[in-house]
Amino acid sequence: QSLPAESAGRPPQPPLGRLWLAGYALLLGSLLLVLRYSFLDHPTELVDLWKISDGDALPAVLWLAALVLLTAGWLLAIQAARGVTFQDAWLPVVGILPLALIAFALVYPATAIDVYIYAARSHLLTDYGLDPSTVTPQRLWDFDAYVRYASQEWADDTSPYGPLWNLIAAPATAFDGERIEVAVLIFKAMMVAGTVVTAALIHDIARRVQPEQALAATLAWLWC
């Protein structure tokens, strides 16, 4: 039986159902994290998962469920993307990615409050002209509440990341109006931009080296 005229000569389209399913798992997992551990509920607090959960065990179950969904979706995406090109699968990739990135930007960084410490140290540079590599937040501890976001544990440590990082971090506190929550959101936006740019580089490299795995390699990074 002959093919319809409009489909003659076209390569068969790969099934994308598993890729969509992986994306939905990613979104559902991130949504669970946003609903239970929202950054908007604790934007100016240094808290952890236990404090946010008020010692309740149920949030721990939700956290575990979110991790299972995220990991399962990630593994399924890598498997489903093998042999599929970005041109074939651009809709699920482009459709899922912005929603996932927005969701993660709205999750409180309870497992890594380092971003608050980054802001406290960058504040030294942008608002006082001090070098975070040589000056500790402790120096301003008694009269500037902002530096206390470095926490007492790290307040007597200088920045270990070097001068290039100090310049990269500077926009977050240069434009935050001395509001820590704004600085954290700027850091998150910088991470989103870095994630997307890195994904583009990975896809370009993989497309040259092993083109049939280019999308899988990209999603291994992009949906991680």
Exercise. Which net charge results for the neighbourhood of Val184, defined as the other residues with beta-carbon distances under 12 angstrom from its beta-carbon, given Lys and Arg at +1 and Asp and Glu at -1?
Worked result: -2
Problem set entry | Projected label distance in nm at Arg208 and Ala72, using a 7 Å step from Cα toward the beta-carbon | 3.9 nm
Exercise. Using the heavy atoms of the protein chains alone and a 1.4 angstrom probe, what is the accessible area of the chain per residue in square angstrom?
Worked result: 56 Å²
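Taking the Cβ-Cβ separation of Arg82 and Leu35 as r and a Förster radius of 45 Å, what is the calculated FRET efficiency to the nearest 0.05? Don't jump to the answer; show the numbers that get you there.
Working: r = 33 Å, r/R0 = 0.72.
It comes out at approximately 0.85.
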Problem set entry | Shape of segment 141-194, Cα gyration tensor, a/c cut at 1.5 | oblate
Problem set entry | Calculated Cα extents along the principal axes in Å (choose from [x] 111, 42, 30; [y] 83, 42, 25; [z] 49, 40, 33), label | [y]
Problem set entry | Rounded FRET efficiency, nearest 0.05, which uses the C-beta distance separating Met190 from Ala65 and R0 of 35 Å | 0.75
Seminar exercise, completed: So the carbon and sulfur contribution to the accessible area of the chain, 1.4 Å probe, in percent, is 66 percent
Problem set entry | Kirkwood Rh, Cα atoms: Rg over Rh of segment 119-224 | 1.16
For this session: Please give the net charge around Gln213, taking every other residue with its beta carbon less than 15 angstrom from that of Gln213, where Lys and Arg add +1 and Asp and Glu add -1.
Result: 0
Exercise. Nearest 0.05, what FRET efficiency do Val197 and Thr44 give at R0 = 45 Å with Cβ-Cβ as r?
Worked result: 0.90
Problem set entry | Contour excess over end-to-end distance, with Cα ends at Ala170 and Leu58 and 0.36 nm allotted per residue | 36.4 nm
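The values are calculated or read from the model by the stated rules, or taken from the named source; none is laboratory data. Because the structure is predicted, anything quoted here is derived from the model rather than measured. When we count neighbours, we look across all protein chains shown, and the Cβ atoms used for this are built from the backbone with ideal geometry, even at glycine. Heavy atoms of the whole protein, side chains included, go into the accessibility calculation; ligands, DNA and RNA do not. Shrake-Rupley method; radii C 1.70, N 1.55, O 1.52, S 1.80 Å.
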